[in-house]
Structures are given as C-alpha cells and as structure tokens.
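Asker: Have a look at the structure that comes next, please.
The values are calculated or read from the model by the stated rules, or taken from the named source; none is laboratory data. Remember, it's a predicted structure, so these values are computed and weren't measured experimentally. For neighbour counting, all protein chains shown are included, and Cβ atoms are generated from backbone atoms with ideal geometry for every residue, glycine included.
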Amino acid sequence: MKTHIKNLIFPVRCPYCGNVILSDEYACKNCIGQFPKSYYKKYAAGGYQCVSPFPYSGIFSRGVKNFKFNRNKNYAKQFAVVMCQCISKNYYDCSFDIVTCVPMHKKMIRKRGYNQAELLARECSKILGVPYYDTLEKFKMNKPQHSVSAKERETNVKGVFRAIDKNCVADKNILIIDDIITTGSTLGECAKILTKSGCKTICCAALCSVEID
C-alpha cells in the first residue's frame, strides 16, 4: 500500500524520455525500441577493455545528463539493468571479486551531491551479486576532462588518483564502472593504479561511449 501511494506521488519515469512507467520497468517500450542492437567496445589507456550499452547521443546522452545534473539519482537502478546485461554478455567468462567506480573529488561530490559512477557501480554490484568497494580516491583536483583536448586528457588525470587500500585489491578480479568513456584516459589511469596495487585482472564498463571522429 505504501509503495502504491509513493508511486502515485512520485511516479517512476523512463530515464530516457521522462514518461511515466510501471515501477518494475527500467524504460518505456518506445525507448527500449531505440536501444542499439549491439554493444560498444573501446580500449581505455593501457589497453583495458571497456564495454558500453549505449552511444553518448540522442536519448541516451539526454538520460545521462538528467541523471548527473538534475539530481535523478533513482535512474541509477534503471541504467544498471541495461549495463549488467552488457557486462554479462561481454564478460561472461570473468568471475569478478570486486565492483568499484571512478572516484570523484570530495569538492565535486559536495557540489553535485553524489558521484554518479558510484551510484551505477553500487546498483551493478547488487544485480551481479559481487561486493562493491571504494578502491580509489581522487585526492587532487584537475580540469574537467571535457574542457581539455583529447591529447591533453591523458596528462590531465596523471597523479590525481590513488589506491585506498592495496591489500583490498591484491590478487582480485575487478570491474570498474564509469558513466561515460571518451578517450579512456580516466578509466585507464584508474585501472593502471589498481594494477600497480596488485590486482589480478581489470575490466571496465561505462553507461555510454562517446564516438570520436
């Protein structure tokens, strides 16, 4: 009864178009009909594979922007359903020990209210049945990646992340989650730090992949 009343007052909406959907649905039928027939694969800096269910365009980029900038934290659960379908299809032979995320600096978290990559990672963790851990921290501010050129992105993320506890990741198979992959510099830098910390394998997944000309 309480859930029914809550859904009437705060209806569940499709994260791609905003239309009201049933509480157990992750998107409306019209938007699902626009989902790509194949997944996107890209390699982050250092050669770490990243898979994504969507391109960063159209209804998908609109959904991500609403998620990140309009405080629609609840979209994480709906996005995670599709992300996990993509992860399971592409990493079917991987047995993950840890799900983690690309961290955000504390100042940015205070400004936005949350780290969207962490929300996605925590929801993916629940669906996949793999524990979530904060394995990295961003201890130094840098320029936003979207504000620098593709060539500058790799140097822009150097020295801004560090491992929280090397013992936590040692000999572990890790899945790193982010919301968007463009050149792969950020995910690659995070993966490199975890590799140096002694993890066994690293795979990456992002909600959207930016196509670079």
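Asker: For the list (1) surrounded by 15 or more Cβ atoms within 10 Å (Cβ to Cβ); (2) among the basic types (Lys, Arg); (3) modelled with pLDDT of 95 or more, I need the number of the one condition that Lys68 fails.
Answerer: (3)
Listed here are the residues, each with its yes/no results for (1) more than 22 Å from Pro55 (Cα to Cα); (2) modelled with pLDDT under 95.
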{"site": "Leu119", "(1), (2)": "no, no"}
{"site": "Ser125", "(1), (2)": "yes, no"}
{"site": "Lys140", "(1), (2)": "yes, yes"}
{"site": "Ser149", "(1), (2)": "no, yes"}
{"site": "Ala170", "(1), (2)": "yes, no"}
{"site": "Asn173", "(1), (2)": "yes, no"}
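Asker: Just to confirm my filter: which helices (runs of 4 or more DSSP H) fall fully inside region 1-99 and include at least 2 residues that are of a type in the set (Lys, Arg) and within 16 Å of the chain's Cα centre (by Cα)?
Answerer: 58-69
Asker: Looking at the structure I just gave you, is Glu189 among the acidic types (Asp, Glu) and farther than 27 Å from Tyr16 by Cα?
Answerer: yes
Asker: Moving on. Is it true that Phe67 is touching a residue at least 12 places away in the same chain (Cβ under 8 Å) and touching a strand residue (DSSP E or B) at 6+ places or on another chain (Cβ under 7 Å)?
Answerer: Taking the combined requirement at face value, the residue does not satisfy it.
Asker: Which of the residues belonging to region 84-107 are touching a residue at least 12 places away in the same chain (Cβ under 8 Å) and farther than 24 Å from Ile193 by Cα?
Answerer: Within region 84-107, Cys84, Gln85, Cys86, Ser88, Lys89 meet the criteria.
Asker: Select from region 1-27 the residues that are under 17 Å from Gln85 (Cα atoms) and either at pLDDT below 95 or among the hydrophobic types (A, V, I, L, M, F, W, C) (or both) and list them in ascending order.
Answerer: Asp24, Ala27, listed by residue number.
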